[in-house]
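Where a number appears in this text, it was derived from the coordinates with a stated rule and is not lab data. Remember, predicted model here, so these are calculated numbers, not experimental data. Heads up, the Cβs are rebuilt from the backbone with ideal geometry, glycines too, and the neighbour counts pull from every protein chain shown.
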Amino acid sequence: MYSGKQELFDNRVGWARTYLKKAGLINSTRWGYFSISDRGLELLKTNPPKIDINLLRRYSEFREFVQEKGVGNDGSEVIQTETPKETISNAVRRINDELIKEVLQRLKLVTPKGFENIVVDLMIKMGYGGNFKDAVEAIGKIGDEGVDGLIKQDTLGINRVYLQAKRYTDKAVGHSEFRNFIGALDVKHADCGIFITTSTFTKEVKDSIGLSSKRIILIDGDQLANLMISHNAGVAVEDTFEVKKLDVDYFTEE
């Protein structure tokens, strides 16, 4: 059942914007701002009677995005093999895939300090213990020593996990940054660490994980956005749907 938390008009405008962007007809200039692209201007010169999904299908980027299953390339109908539940699940997956990109884009716009605070908040939401106040204080104390955060896994802080957070746009985290983090853990006599970035890790870094005696978890941009969505950090529930089934026991007479 549609919850109605978002107005239908706003919902339609949001998806229209997404479709136009996926077709390459508009560009995202900065967060919340869009401009028409060169491709969009060329399309307007043809004076199309309307811009709908059929028109957008001429662009390969849009076809890849929607992954059409209902209509073949020749316009003929294709037999629907999905169950209604599968259709819903796939639609939710597509929405979440787009949300991951939006979250990641937003993360790359926050300040380094803001990014560190977001990372600590996420770790606490994931149940690593401690509280936000203590964690933020820890960042200020140890931020210049090769680590950006400290999460206490118990009330007394006996078991600790150290964090390193790198807000990169395109640059991958390389072996030098990873080696510095390992060295910082040695100074702290720590066995556990979490290295988080908005970008990716080089193959060399990933291969080094198995060679280290320490327990290090690497979280790249896509994984970070996924975790934020799963633990409601920086996202909010927009719509809720209920799928109900028959309760056979209700109709059973004793």
Among Lys21/Lys113; Lys113/Lys206; Lys101/Lys214, the pairs whose Cα-Cα distance exceeds 29 Å are Lys21/Lys113; Lys101/Lys214
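Among 193-200, 48-55, how do they line up from the highest to the lowest mean number of other beta-carbon atoms within 10 Å?
193-200, 48-55
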Give me the extension gain from Val235 to Asn27: residue separation times 0.36 nm, minus the current Cα-Cα distance, reported in nm with one decimal.
72.6 nm
Give me the net charge for the shell around Glu177: Cβ to Cβ below 14 angstrom, other residues only, Lys and Arg +1, Asp and Glu -1.
+2
Net charge of Cβ neighbours under 10 Å - reference Leu56; Lys, Arg +1; Asp, Glu -1:
+2
